[in-house]
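This report refers to the structure that appears directly beneath it.
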Amino acid sequence: MDIILAEGLSKVYPNGQGLHNASFSVSKGEIIGIVGPSGAGKSTLLRLLCGAIFPSEGNLTILGQTMSHLNRQQLQTLRGKIATVYQNFNVIPSLDVARNVFMGKAGKMSFASVVRGTFRLTAKEESEIEEILTTLGIEDKLYERCQELSGGQQQRVAVARAIYSGAELILADEPIASVDPATAELILQLFQSLNKQGKTILLSLHQIDSALKYCSKILAFDHGTIAFNGSPEDYCKSDVSKKLMGNFPERGVKVV
Amino acid sequence: MKHEKSSILNWVITVVILGIVIISGIDTNFSPSEFLDPGNIKAMTRFTGGLWPPETSPVFLHTVFELLLETVEISIVATVLAIFFALPLSLFAMRPRGEEYSRRVYGSALWSWRWGLYYLSRGVLALLRGVPELMWALIFVVAVGLGPFPGVLALMAHGTGILGKLYAEMFESVDQRLVEMSRVGGMDDLKILVMTRIPLTLPVFLSYTVFRWECNMRSATLLGFVGAGGIGTQLMISMKLFMYQEVSTLIITIFLLVVLVELIGQYLRTRVLDQKGVPCRTPTS
């Protein structure tokens with residue numbers, strides 16, 4: 001079954017940038033690396049997929065739901081099944097780590113439980129959150145405010161929230177662009193193990209070598225269109241990789 | 001070309017504003033020489049001379065203390081009521097942002113309701129704060145009679161208008177990317193309020209509210225002028241009876257009170273900004 005099916009998907013911003021006529025599909029259990037230079041449409045695509053913005057043209061079906069047919073309630077339900085990790089602005093700085101992770105499930109809870117959770121977590125919630133934080137190596141920060149954490153630690157909190165939410169589809173928009181190499185490696189490995197547990201993951205990356213190492217499929221964008229869609233091996237051989245590299249030599253990415 | 005045009009326009013605007021200032025000054029009889037008029041100087045010396053020494057008879061001080069207490073109480077009750085009414089109004093007065101606020105996603109009925117409530121609450125807030133406190137006090141004195149109660153209502157009405165707008169704007173000004181992050185996690189507007197907007201704005205929220213209390217405190221000292229309770233009542237009476245020594249005591253007390261309130265406000269605000277009082281690091285069970 002296709003988790004994501006996009007047909008002629010377009011989202012054009014007033015300045016002409018955006019995404020043009022993209023068609024692709026994602027099956028369950030894939031881990032897809034979205035690559036391409038800045039402004040190529042990677043973020044636009046991911047924001048479309050999580051329902052933050054809506055397509056101006058084309059069809060987008062996610063988990064069997066057609067985006068352009070959903071009402072508010074259905075949209076919220078669908079969003080609850082998708083977890084999103086951004087590059088920045090992932091955590092509420094004034095809340096502690098536990099509450100930020102707790103937010104992952106807030107969409108599915110009653111309003112009363114959410115209010116209760118902001119004041120007091122149940123023992124079960126606390127131990128679940130702590131367990132996830134342990135795999136990310138920040139269990140000692142459970143009740144620390146996120147603004148007191150480093151960028152890399154904040155990003156781990158965001159990943160922890162994605163895991164806690166139990167979402168079957170995880171979207172990550174440059175999750176490792178602003179973290180140290182060790183954290184980047186940790187996050188990517190975690191995504192990989194989540195993928196092995198059956199979760200479908202889309203992540204946009206500037207680090208082509210990481211994408212080739214961790215992803216089962218590469219989706220390359222250039223100027224708002226899909227320039228390549230296929231396996232990492234084919235991507236290395238393709239002209240697209242050379243072209244995209246050639247345009248941005250200063251980034252110093254190397255193809256393995 | 002464009003640059004030329006705008007700089008000419010700037011000159012025109014400058015000249016117009018200057019003209020308005022000068023005409024307004026003439027129309028309001030602005031003349032510093034009034035201070036040097038012998039008759040006025042005499043009246044002023046009589047007034048300032050009469051201020052000293054301040055009245056300190058125990059009976060009067062007791063009256064002042066009771067009125068002072070009433071003033072503080074008016075401001076406290078009015079502020080709490082204003083928060084209570086301003087919060088829900090501010091939720092509706094928040095401009096819906098983001099692409100999902102489309103007619104299609106929301107459905108026509110809900111969408112119309114949302115925007116209808118938006119304009120309604122904005123209108124109500126504008127009306128509440130557009131009418132000055134003293135005018136509200138006059139209205140409520142007519143409605144519920146003399147005493148501190150109309151004063152409470154007056155400060156509440158005006159305060160609701162101001163706090164409601166401030167809250168709405170504060171909640172709106174939260175980083176939109178964090179709101180989007182919460183929204184794509186499946187949270188609805190109320191949950192976003194609790195887990196995103198309030199945590200992000202809590203210091204500002206408390207700071208605005210404390211500041212509003214300070215303003216209410218100052219306004220409460222004047223309410224007595226129109227018979228709506230507080231220390232202003234006595235100030236009015238003493239002034240009318242030319243009891244300048246009493247006036248002197250009253251002015252000093254009001255000044256001390258305002259300074260005290262300012263100090264308390266400052267303490268509360270720094271405490272909030274240091275986030276000592278924010279419930280967040282509560283360990284569980």
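Report the residue count in segment A:61-77 for those that are among the aliphatic types (A, V, I, L, M) and either in a strand (DSSP E or B) or facing chain B (nearest Cβ under 8 Å) (or both). Residues meeting the conditions: 3. Yes or no: segment B:47-56 includes at least one residue that is loosely packed, with under 11 Cβ neighbours inside 10 Å, free of Cβ contacts under 8 Å to residues at least 24 places away in the same chain and either touching a strand residue (DSSP E or B) at 6+ places or on another chain (Cβ under 8 Å) or among the aromatic types (F, W, Y) (or both). Within segment B:47-56, not a single residue is loosely packed, with under 11 Cβ neighbours inside 10 Å, free of Cβ contacts under 8 Å to residues at least 24 places away in the same chain and either touching a strand residue (DSSP E or B) at 6+ places or on another chain (Cβ under 8 Å) or among the aromatic types (F, W, Y) (or both). In the condition set (1) within 7 Å of chain B (Cβ to nearest Cβ); (2) over 21 Å from A:G18 (Cβ atoms); (3) touching a residue at least 12 places away in the same chain (Cβ under 8 Å), A:T84 is compliant with all but (2).
Residue-level analysis places A:T118 outside the set of residues that are over 21 Å from A:I170 (Cβ atoms), more than 7 Å from chain B (Cβ to nearest Cβ) and surrounded by fewer than 24 Cβ atoms within 10 Å (Cβ to Cβ). Filtering segment A:73-86 to residues that are surrounded by fewer than 20 Cβ atoms within 10 Å (Cβ to Cβ) and either closer than 23 Å to A:I176 by Cα or over 19 Å from the mean Cα position of the chain (by Cα) (or both) leaves A:Q73, A:Q74, A:K81.
Among the candidates A:G58, A:G36, the residue that is more than 7 Å from chain B (Cβ to nearest Cβ), in contact with an Asp or Glu (Cβ under 7 Å, 6 or more places away or on another chain), crowded, with 24+ Cβ neighbours inside 10 Å and in contact (Cβ under 8 Å) with a residue 12 or more places away in the chain is uniquely A:G36.
Quick grid of which residues meet (1) surrounded by fewer than 17 Cβ atoms within 10 Å (Cβ to Cβ); (2) within 14 Å of another protein chain (Cβ to nearest Cβ); (3) at pLDDT 85 or above:
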position	(1), (2), (3)
B:V210	no, no, yes
B:I231	no, no, yes
B:M239	yes, no, yes
B:Y244	no, no, yes
B:L263	yes, no, yes
B:S285	yes, yes, no
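The condition (being of a type outside the set (S, T, Y), touching a helix residue (DSSP H, G or I) at 6+ places or on another chain (Cβ under 6 Å) and assigned to a strand (DSSP E or B)) is satisfied by just one residue among A:G51, A:G33: A:G33.
When the test is whether a residue is within 14 Å of chain A (Cβ to nearest Cβ) and at pLDDT 90 or above, B:I198 passes it.
Every test in (1) facing chain B (nearest Cβ under 9 Å); (2) surrounded by fewer than 16 Cβ atoms within 10 Å (Cβ to Cβ) is passed by A:G137 save one, and that test is (1). For segment A:39-55, filtering for residues that are of a type in the set (A, V, I, L, M, F, W, C), more than 16 Å from the chain's Cα centre (by Cα) and within 14 Å of chain B (Cβ to nearest Cβ) leaves 1.
Among the residues of segment B:99-133, just one is touching a residue at least 60 places away in the same chain (Cβ under 8 Å) and either within 19 Å of B:A168 (Cβ to Cβ) or in contact with a helix residue (DSSP H, G or I) (Cβ under 6 Å, 6 or more places away or on another chain) (or both), namely B:E133. Determine whether segment B:102-113 contains at least one residue that is of a type outside the set (F, W, Y) and within 17 Å of B:I74 (Cα to Cα). There is no residue in segment B:102-113 that is of a type outside the set (F, W, Y) and within 17 Å of B:I74 (Cα to Cα). Of the residues making up segment A:93-108, one or more are part of a helix (DSSP H, G or I), within 18 Å of A:L190 (Cβ to Cβ), facing another protein chain (nearest Cβ under 7 Å) and out of contact with any His (no Cβ under 7 Å at 6 or more places or on another chain).
Kindly indicate the residue of segment B:232-268 that is touching a Phe, Trp or Tyr at 6+ places or on another chain (Cβ under 8 Å) and either outside any helix (DSSP H, G or I) or of a type outside the set (S, T, Y) (or both) and also farthest from B:L61 (Cα to Cα) among those meeting that condition. Within segment B:232-268, the match that is farthest from B:L61 (Cα to Cα) is B:G265. Taking the stated definitions as given, is B:L202 closer than 21 Å to B:P88 by Cβ and part of a helix (DSSP H, G or I)? Against the criterion (closer than 21 Å to B:P88 by Cβ and part of a helix (DSSP H, G or I)), B:L202 qualifies. In segment B:79-178, counting only helices (runs of 4 or more DSSP H) that sit wholly within it, the ones holding 2 or more residues that are touching a Lys or Arg at 6+ places or on another chain (Cβ under 9 Å) and surrounded by 14 or more Cβ atoms within 10 Å (Cβ to Cβ) span B:103-106, B:108-130, B:148-172. Screening B:M44 against (1) of a type outside the set (K, R); (2) surrounded by 14 or more Cβ atoms within 10 Å (Cβ to Cβ); (3) at pLDDT below 95; (4) part of a helix (DSSP H, G or I) leaves a single unmet condition, (2).
The values are calculated or read from the model by the stated rules, or taken from the named source; none is laboratory data. Everything numeric in this text was worked out from a predicted model, so none of it was measured. Because the Cβ atoms are built from the backbone with ideal geometry, glycine has one as well, and the counts that use them run over all protein chains shown.
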